[in-house]
Amino acid sequence: MFSDPDIGELFIFLTEWGLVSESDAFMVGGYIEEYDILDIWKAYEETDEARIQRVYKNLYEGSYNHLDAFVHNYALLTGENYEPQLLTDAQFDLVMAFATQAKQTQRPKQRKGR
């Protein structure tokens, strides 16, 4: 299924974990978005091509929005704060505070996260 066996193992692990409960599914979603954000940031830094950086910027802003949604829904479901799994606290705070276009056009955001 995957050419990289590590990614295949991660897929199986995350799929099984996400099936445990709804709150675990939100944690898996958050994990995936954090993973994506770190990958996209790395790829962004590895190019100086403005057009490619613009694509990466759109991708990481999309992942910021997705992580924001998982964090919000996890808190609503559990009454607990989501704790970052791969991002440092500083990175997580930066992502959650970032005002993407989607965040700016949605209803006023309720405070969520930590």
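The values are calculated or read from the model by the stated rules, or taken from the named source; none is laboratory data. Bear in mind the structure is a predicted one, so any value in this text is a computation, not a measurement. Using ideal geometry, Cβ is built from the backbone for each residue, glycine included, and neighbour counts are taken over all protein chains shown.
When the residues of region 48-85 are narrowed to those that are among the aromatic types (Phe, Trp, Tyr) and over 12 Å from the mean Cα position of the chain (by Cα), which ends up surrounded by the most Cβ atoms within 10 Å (Cβ to Cβ)?
Taking region 48-85 as the starting set, the residues that turn out to be among the aromatic types (Phe, Trp, Tyr) are 56, 60, 64, 70, 74, 82.
Right, trim to over 12 Å from the mean Cα position of the chain (by Cα) and you get 56, 74.
On the way: Tyr56: 19, Tyr74: 24.
It comes out as Tyr74.
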(request) Consider only pairs whose beta carbons are under 8 Å apart and that are at least six residues apart or on different chains; among these, list those whose first residue lies in region 20-33 and is farther than 18 Å from Gly62 by Cα and whose second residue is crowded, with 20+ Cβ neighbours inside 10 Å and not small (Gly, Ala, Ser). (result) Ser23/Tyr74
(message) Against the condition surrounded by fewer than 14 Cβ atoms within 10 Å (Cβ to Cβ), modelled with pLDDT of 95 or more and under 13 Å from the mean Cα position of the chain (by Cα), how does Thr88 come out, does it pass?
(response) yes
(request) State which residue pairs qualify: first residue within 13 Å of Gly29 (Cβ to Cβ) and inside region 60-71, second residue part of a helix (DSSP H, G or I) and of a type in the set (Asp, Glu) in any location, beta carbons under 6 Å apart, and separation of 6 or more residues or different chains. (result) Ser63/Glu33; Ser63/Asp36; His66/Glu33; Leu67/Glu33
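Can you tell me which residue is nearest to Leu86 (Cα to Cα) among those in region 1-57 that are among the polar types (S, T, N, Q) and not in a helix (DSSP H, G or I)?
So the first thing to find is which residues in region 1-57 are among the polar types (S, T, N, Q), and the list is 3, 15, 21, 23, 47, 53.
This time we only want the ones that are not in a helix (DSSP H, G or I), so: 3, 21, 47.
Values: Ser3: 23, Ser21: 21, Thr47: 23 Å.
Selected residue: Ser21.
Restricting to region 33-47, count the residues that are crowded, with 19+ Cβ neighbours inside 10 Å and not acidic (Asp, Glu).
Keep residues of region 33-47 that are crowded, with 19+ Cβ neighbours inside 10 Å, which gives 33-34, 37, 40.
Then keep just the ones that are not acidic (Asp, Glu); that gives 37, 40.
So the answer is 2.
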(request) Considering every residue within region 64-72, establish whether at least one is among the aliphatic types (A, V, I, L, M) and farther than 15 Å from Phe98 by Cα. (result) no
